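Peer 1: Here's a structure for you.
The values are calculated or read from the model by the stated rules, or taken from the named source; none is laboratory data. Since we're looking at a predicted model, the values are computed, not measured. Cβ placement follows ideal geometry from the backbone for every residue including glycine, while neighbour counts extend to all protein chains displayed.
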Amino acid sequence: MAKQLNRSNFPGPKFPEKILQFGEGNFLRAFIDWIIDNLNEKTNFNSGVTIVRPIDTHQPSINEQDGLYTTIIRGLNEQGKAIATPRIIYSVNREILVYQDYQLYLKCAENPDLEFIFSNTTEAGIAFSDKDKITDTPPATFPAKLTCFLHHRFQFFKGQKDKGLIIIPCELIDYNGDKLKELIIAYAKLWQLDDAFIEWINESNTFCSTLVDRIVTGYPKDESAQLEQQLGYQDRFLDTAEYFYLFVIQGPQWLKQKLKLDQVDLNILVVDDIKPYKERKVGILNGAHTAMVPVAYLAGLRTVGECMGNVQIETFVKNLLNQEVIPTLSLDKQQLIQFADEVLKRFKNPFIKHELMSISLNSLTKFKTRLLPQLLTYSQRFNQPPKYISFSLAALIAFYRGEYQGQAISLTDDAHLLERFKQWQPLYQNDVKTLVSNVLKMTDHWGQDLNNVVGLTDLVTENLKNILSDDIKNYIPNN
């Protein structure tokens with residue numbers, strides 16, 4: 001029987017606990033803890049992680065393996081060959097179950113060597129509840145738990161200014177660091193904590209907003225036995241992810257030295273404002289997904305991988321990015337082209353089976369956030385609608401009919417939007433131009449009447465008529 005992965009069977013480095021991490025999930029383990037493990041190996045970062053499980057679950061704890069687990073980073077190399085790189089992660093020391101041992105959690109605040117707090121408690125995690133109390137053990141929300149922790153540290157070290165922490169949330173909301181700080185101060189006021197504590201929060205702690213990017217596919221359930229045989233040991237916490245990763249931190253420049261970024265080549269940026277990087281990711285990565293889905297699905301494809309194996313769809317996506325998305329973004333053009341090339345390579349990763357229907361959830365809202373800014377900017381700049389984005393919008397309207405060429409399409413979106421398309425069903429046959437006009441004038445959704453965009457109504461109408469009357473593959477633009 002293969003050995004169990006733990007520190008007795010696989011001894012390795014152990015690092016002093018300088019990092020508290022809220023969240024035990026796959027993403028943080030294949031992103032933050034993987035990064036820290038690389039920093040520990042290649043620099044004198046010398047930092048160990050204590051994981052805090054922020055929710056009350058009875059899932060197995062990584063303490064069973066003394067904090068050890070394996071990441072398997074998989075994708076295509078420069079020559080387009082599929083490769084996988086396993087790595088035992090030694091950066092995690094232990095996990096604290098805050099609902100089972102709240103006092104042990106607070107005890108971590110007394111550690112004079114503690115420097116960083118990272119978190120990923122999902123988008124819903126950075127929330128406020130006036131029902132939380134400082135006497136709860138623990139309070140319900142993550143910001144309330146963190147406020148208790150910071151208050152305990154403030155009291156234990158008697159407000160010493162050099163005992164503040166660098167707090168770097170990774171939840172997928174805009175300006176997550178600013179929002180987290182705002183909620184901590186809100187809890188301090190709700191609980192009527194000392195003004196000196198609020199001053200210490202403001203002046204002694206550094207809150208950084210972030211942009212994180214890596215597809216983490218998590219525990220490879222279907223392959224675990226085969227992978228464990230290849231590794232030669234058992235690992236209940238195997239974690240798989242793609243090769244690409246990007247960590248953009250909005251923070252002070254001294255953070256580069258603190259993270260030893262001058263000593264190692266990692267894809268981590270410390271910037272003054274994450275906004276242009278967010279726009280790049282949303283426009284290029286997310287925008288490509290959203291534009292691709294209705295066109296490719298109606299063309300008979302079902303996964304992102306299939307799309308990248310189809311010359312017509314790959315060309316459509318490339319042209320959309322290069323001709324219509326990149327010209328509307330603010331970062332250096334060469335950087336944007338390089339990022340777009342990387343995105344297409346990521347889409348070809350054979351280890352990731354990304355279903356188009358899973359990406360299609362709430363497509364109308366996704367189109368608004370991911371492609372509408374580019375559509376509007378392009379139209380204003382060139383005084384004509386972008387043909388690829390317009391074609392994708394026409395395909396999206398066809399998709400929301402709920403069937404195409406006799407095949408039913410299962411739609412998932414806000415009920416009021418689906419109800420509108422249900423009412424508009426007769427227009428698909430009787431009056432396509434009115435249908436398009438109705439969709440474009442959903443001002444409650446788009447924020448404006450898109451019929452006012454020069455040429456957009458006519459172009460989307462023409463595209464939609466073609467898509468409804470014939471095979472979409474005959475009309476996908478490709479030049």
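Peer 1: Answer yes if at least one residue in segment 412-433 is of a type in the set (Asp, Glu), closer than 21 Å to residue 369 by Cβ and either touching a strand residue (DSSP E or B) at 6+ places or on another chain (Cβ under 7 Å) or buried (at least 16 other Cβ atoms within 10 Å of the Cβ) (or both), and no otherwise.
Peer 2: Of all residues in segment 412-433, those of a type in the set (Asp, Glu) come to 413-414, 419, 431.
So of that shortlist, the ones also closer than 21 Å to residue 369 by Cβ come out as 413-414.
Imposing the further condition that a residue be either touching a strand residue (DSSP E or B) at 6+ places or on another chain (Cβ under 7 Å) or buried (at least 16 other Cβ atoms within 10 Å of the Cβ) (or both) reduces the set to 413.
Yes: segment 412-433 contains one or more residues that are of a type in the set (Asp, Glu), closer than 21 Å to residue 369 by Cβ and either touching a strand residue (DSSP E or B) at 6+ places or on another chain (Cβ under 7 Å) or buried (at least 16 other Cβ atoms within 10 Å of the Cβ) (or both).
Peer 1: Turning to a different aspect of this structure: Filter segment 345-393 down to residues that are over 19 Å from the mean Cα position of the chain (by Cα) and part of a loop (DSSP other than H, G, I, E, B) and give me whichever is surrounded by the fewest Cβ atoms within 10 Å (Cβ to Cβ).
Peer 2: By that ranking, first place goes to 383.
Peer 1: Follow-up. It is to be established whether one or more residues within segment 286-294 are among the polar types (S, T, N, Q) and either closer than 30 Å to residue 377 by Cβ or free of Cβ contacts under 8 Å to residues at least 40 places away in the same chain (or both).
Peer 2: At the first step, the residues of segment 286-294 found to be among the polar types (S, T, N, Q) are 286, 290.
With either closer than 30 Å to residue 377 by Cβ or free of Cβ contacts under 8 Å to residues at least 40 places away in the same chain (or both) added as a condition, the list becomes 286, 290.
Looking for residues that are among the polar types (S, T, N, Q) and either closer than 30 Å to residue 377 by Cβ or free of Cβ contacts under 8 Å to residues at least 40 places away in the same chain (or both), one finds at least one in segment 286-294, hence yes.
Peer 1: State all residues of segment 234-271 that are free of Cβ contacts under 8 Å to residues at least 40 places away in the same chain and either in contact with a Gly (Cβ under 9 Å, 6 or more places away or on another chain) or under 21 Å from residue 345 (Cα atoms) (or both); if no residue qualifies, say none.
Peer 2: First pass over segment 234-271, keeping only residues free of Cβ contacts under 8 Å to residues at least 40 places away in the same chain: 246, 248, 253-254, 256-257, 261-262, 265, 267, 269-271.
Hits for segment 234-271 are 246, 248, 265, 267, 270, 271.
Peer 1: Which residues, taken from segment 167-203, are of a type in the set (S, T, N, Q) and surrounded by 18 or more Cβ atoms within 10 Å (Cβ to Cβ)?
Peer 2: Step one: filter segment 167-203 for residues of a type in the set (S, T, N, Q), giving 176, 192, 202.
If the condition is that a residue be of a type in the set (S, T, N, Q) and surrounded by 18 or more Cβ atoms within 10 Å (Cβ to Cβ), then 176 is the only one that fits.
Peer 1: Let me ask something additional. How many of the residues making up segment 276-288 are closer than 15 Å to residue 214 by Cβ and not aliphatic (A, V, I, L, M)? I'd like the intermediate steps shown before the answer.
Peer 2: Applying the first criterion (closer than 15 Å to residue 214 by Cβ) to segment 276-288 yields 277, 281, 285-286.
If we keep only those that are not aliphatic (A, V, I, L, M) as well, we get 277, 281, 286.
So the answer is 3.
Peer 1: Six or more apart or on different chains, Cβ atoms under 6 Å: show the pairs whose first residue is in segment 319-345 and under 15 Å from residue 371 (Cβ atoms) and whose second is among the hydroxyl-bearing types (Ser, Thr, Tyr) and surrounded by 14 or more Cβ atoms within 10 Å (Cβ to Cβ).
Peer 2: Short answer, once both residue conditions are applied: 319/388; 320/388; 324/378; 324/388; 328/377; 328/378.
Peer 1: Please give the number of the condition residue 252 fails out of (1) under 30 Å from residue 1 (Cβ atoms); (2) not in a helix (DSSP H, G or I); (3) not hydrophobic (A, V, I, L, M, F, W, C).
Peer 2: (1)
Peer 1: Let me ask another. I'd like the residue in segment 92-138 that is assigned to a loop (DSSP other than H, G, I, E, B), free of Cβ contacts under 8 Å to residues at least 12 places away in the same chain and of a type outside the set (D, E, K, R) and, out of all such residues, is surrounded by the fewest Cβ atoms within 10 Å (Cβ to Cβ).
Peer 2: That would be 135.
Peer 1: Ok, one more. All but one of (1) out of contact with any Lys or Arg (no Cβ under 7 Å at 6 or more places or on another chain); (2) under 28 Å from residue 412 (Cβ atoms) hold for residue 335, so report the exception by its number.
Peer 2: Of (1) out of contact with any Lys or Arg (no Cβ under 7 Å at 6 or more places or on another chain); (2) under 28 Å from residue 412 (Cβ atoms), only one is false for residue 335: (2).
Peer 1: Quick one: would you say residue 396 is touching a helix residue (DSSP H, G or I) at 6+ places or on another chain (Cβ under 7 Å) and part of a helix (DSSP H, G or I)?
Peer 2: On the way: touching a helix residue (DSSP H, G or I) at 6+ places or on another chain (Cβ under 7 Å): yes; part of a helix (DSSP H, G or I): yes.
Answer is yes for this residue.
Peer 1: Hey, residue 446 hits all of (1) touching a Lys or Arg at 6+ places or on another chain (Cβ under 8 Å); (2) hydrophobic (A, V, I, L, M, F, W, C); (3) without any contact (Cβ under 8 Å) to a residue 40 or more places away in the chain but one; which does it fall short on?
Peer 2: Only one criterion is unmet by residue 446, namely (3).
Residue-wise test of (1) farther than 26 Å from residue 339 by Cα; (2) under 26 Å from the mean Cα position of the chain (by Cα).
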{"site": "152", "(1), (2)": "yes, no"}
{"site": "167", "(1), (2)": "yes, yes"}
{"site": "189", "(1), (2)": "yes, no"}
{"site": "195", "(1), (2)": "yes, no"}
{"site": "221", "(1), (2)": "yes, yes"}
{"site": "253", "(1), (2)": "no, yes"}
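Peer 1: A further question follows. If you check 123, 24, which single one turns out to be under 27 Å from residue 264 (Cβ atoms), of a type in the set (Asp, Glu), in the same structural domain as residue 206 (by TED's automatic domain parsing) and under 22 Å from the mean Cα position of the chain (by Cα)? Give the steps one after another, and end with the answer.
Peer 2: Values: 123 fails: under 27 Å from residue 264 (Cβ atoms).
On inspection, the qualifying residue turns out to be 24.
Peer 1: Does segment 396-406 contain at least one residue that is under 17 Å from residue 286 (Cα atoms), surrounded by 14 or more Cβ atoms within 10 Å (Cβ to Cβ) and not hydroxyl-bearing (Ser, Thr, Tyr)? Let's see the steps before the verdict.
Peer 2: If we filter segment 396-406 for residues that are under 17 Å from residue 286 (Cα atoms), which is where we start, we get 396.
Then keep just the ones that are surrounded by 14 or more Cβ atoms within 10 Å (Cβ to Cβ); that gives 396.
Among the residues that remain, those that are also not hydroxyl-bearing (Ser, Thr, Tyr) are: 396.
So far as segment 396-406 goes, yes, one or more of its residues are under 17 Å from residue 286 (Cα atoms), surrounded by 14 or more Cβ atoms within 10 Å (Cβ to Cβ) and not hydroxyl-bearing (Ser, Thr, Tyr).
Peer 1: OK, next. Starting from residues that are among the hydroxyl-bearing types (Ser, Thr, Tyr) and either part of a helix (DSSP H, G or I) or modelled with pLDDT under 95 (or both), keep the ones in segment 158-207 and report whichever is farthest from residue 111 (Cα to Cα).
Peer 2: Within segment 158-207, the first condition is being among the hydroxyl-bearing types (Ser, Thr, Tyr), and the residues that meet it are 175, 187, 204, 206.
Next, only the ones that are either part of a helix (DSSP H, G or I) or modelled with pLDDT under 95 (or both) stay: 187, 204.
Numbers: 187: 23, 204: 16 Å.
Top of the filtered list is 187.
Peer 1: Also, I was wondering about something else. Starting from residues that are under 23 Å from the mean Cα position of the chain (by Cα) and within 13 Å of residue 388 (Cβ to Cβ), keep the ones in segment 323-336 and report whichever is surrounded by the most Cβ atoms within 10 Å (Cβ to Cβ).
Peer 2: 325
Peer 1: For segment 254-275, what are the residues that are under 19 Å from residue 171 (Cα atoms) and surrounded by 16 or more Cβ atoms within 10 Å (Cβ to Cβ)?
Peer 2: The answer is 268, 270, 274.
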